[in-house]
Amino acid sequence: MSTPLIVDTDPGVDDAFALALAAASPEVDLIGVTTVFGNVPLARTTDNALRLLSLFGRDDVPVAAGADRPLVHPLQWPAHAHGSDGLSGQADTLPPPGRDVDGRDAVTLLVDLLTAAPAPVTIVAVGPLTNVALLLAAHPRLRSRIARLVVMGGGIAGGNATPSAEFNIASDPEAARRVLVEEDLPTVLVPLDLTMRCAVDTTWLGELAASGPVGRTLVGLTPTYRAYYQRSLGFDGLVMHDAVAVAEAVRPGVLTPARYPLDVDCTFGPGRGAVVPDRRPRSVSEEFGVDQDRAVDFAVDTDLDGLRSFVLERLKTL
């Protein structure tokens, strides 16, 4: 039986590739998508999600809109890497939504899906963690219905939204701390340190574009995003952050983990939004009262070429 999967997302170019991988993978049953503010405002992330699912022939998947702002403090910076519509100004090249947004809010849809699923559900969260934090705060009894949480977020060596913090975590540090530090769920955190290494080049993108209409449309969503990384990193290609997290959900163990307790900086200094893993020896950290049972699996490595090939071959089937 395939694993029930929910994607919580803020599409977003890399989110588009993540949703495509979820839709193309028979190991999982994509039972729902919830949207959150992030790369662009909530109305746009929701419309993008609906249009993308229509492109992938998955109008059967319900989409519910969630949080339109962080739990506590306003978002501190504009998102610009993905363009004004989140998809390099190309959202209108996608087919119109094949269904309306679900009448339930994101948390209600999550509750209903978790309750009805025939087996515990994997949740892949590839935007700010506001929806997931609200779910766990309001419905703690449903923790047992979550098989695993796979989160794209954080950076061990530094961030991208600030020198210290990765965008998803920095967008709502309080929500991230609630989910990653205060809850006790099997969690894989997929940080920038790994996702940046999984970037694909123009040859990879060209092969995807040549695979058919869906591949061509996906690559057509990337120009503004690619131009951002060209300016910031001197790299012409695609950093597919969120698709790396979905790959782990589809094939558990494709990413190599290292298990660390962590904290999230919720102060208002230069470290706000930083994920801080405790990489001291267990004997040392326990002396200082660190609860090792609340550790999170950081994805620290993978077979890079194997991962790129896996994602490409899956997307070419759409």
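Do you know which of the residues in the stretch 283-318 that are in a helix (DSSP H, G or I) and among the hydrophobic types (A, V, I, L, M, F, W, C) is modelled with the lowest pLDDT? My answer is Val284. Listed conditions (1) exposed (fewer than 14 other Cβ atoms within 10 Å of the Cβ); (2) under 23 Å from Leu129 (Cβ atoms); (3) of a type in the set (D, E, K, R) are all met by Asp303, apart from (2). Restricting attention to the stretch 171-209, the residues being over 20 Å from Pro261 (Cβ atoms), in a helix (DSSP H, G or I) and small (Gly, Ala, Ser) number 3.
As a summary of the residue check, Asp92 satisfies the conditions (1) under 25 Å from Pro213 (Cα atoms); (2) touching a residue at least 24 places away in the same chain (Cβ under 8 Å); (3) surrounded by fewer than 17 Cβ atoms within 10 Å (Cβ to Cβ) except for the one numbered (2). For the stretch 60-70, a tally of residues being out of contact with any strand residue (DSSP E or B) (no Cβ under 6 Å at 6 or more places or on another chain), closer than 20 Å to Arg104 by Cβ and surrounded by 18 or more Cβ atoms within 10 Å (Cβ to Cβ) returns 1. Among the residues of the stretch 241-267, those that are at pLDDT 95 or above and assigned to a loop (DSSP other than H, G, I, E, B) comprise Arg251, Pro252, Gly253, Val254, Asp265, Cys266, Thr267. The set of residues in the stretch 140-170 being closer than 16 Å to Ala67 by Cα and either of a type in the set (Ser, Thr, Tyr) or not in a helix (DSSP H, G or I) (or both) is empty.
Which one is surrounded by the most Cβ atoms within 10 Å (Cβ to Cβ) among residues in the stretch 16-59 that are more than 20 Å from Asp100 (Cα to Cα) and in contact with a strand residue (DSSP E or B) (Cβ under 6 Å, 6 or more places away or on another chain)? If we take residues in the stretch 16-59 being more than 20 Å from Asp100 (Cα to Cα) and in contact with a strand residue (DSSP E or B) (Cβ under 6 Å, 6 or more places away or on another chain), then Ala22 is surrounded by the most Cβ atoms within 10 Å (Cβ to Cβ).
Residues that are among the basic types (Lys, Arg) and closer than 23 Å to Leu53 by Cβ within the stretch 188-227 comprise just one, Arg216.
Select from the stretch 1-15 the residues that are among the β-branched types (Val, Ile, Thr) and buried (at least 24 other Cβ atoms within 10 Å of the Cβ) and write down the one among them that is nearest to Tyr229 (Cα to Cα). Across the stretch 1-15, the extreme among qualifying residues is Val13.
Just one of the numbered conditions (1) touching a Lys or Arg at 6+ places or on another chain (Cβ under 6 Å); (2) free of Cβ contacts under 8 Å to residues at least 60 places away in the same chain; (3) more than 26 Å from Leu315 (Cβ to Cβ) is not true of Pro120: (2).
The values are calculated or read from the model by the stated rules, or taken from the named source; none is laboratory data. In this text the structure is predicted, and so the values were computed from the model without any measurement. Don't worry about glycine lacking a Cβ; one is built from the backbone with ideal geometry, like all the others, and counts go over all protein chains shown.
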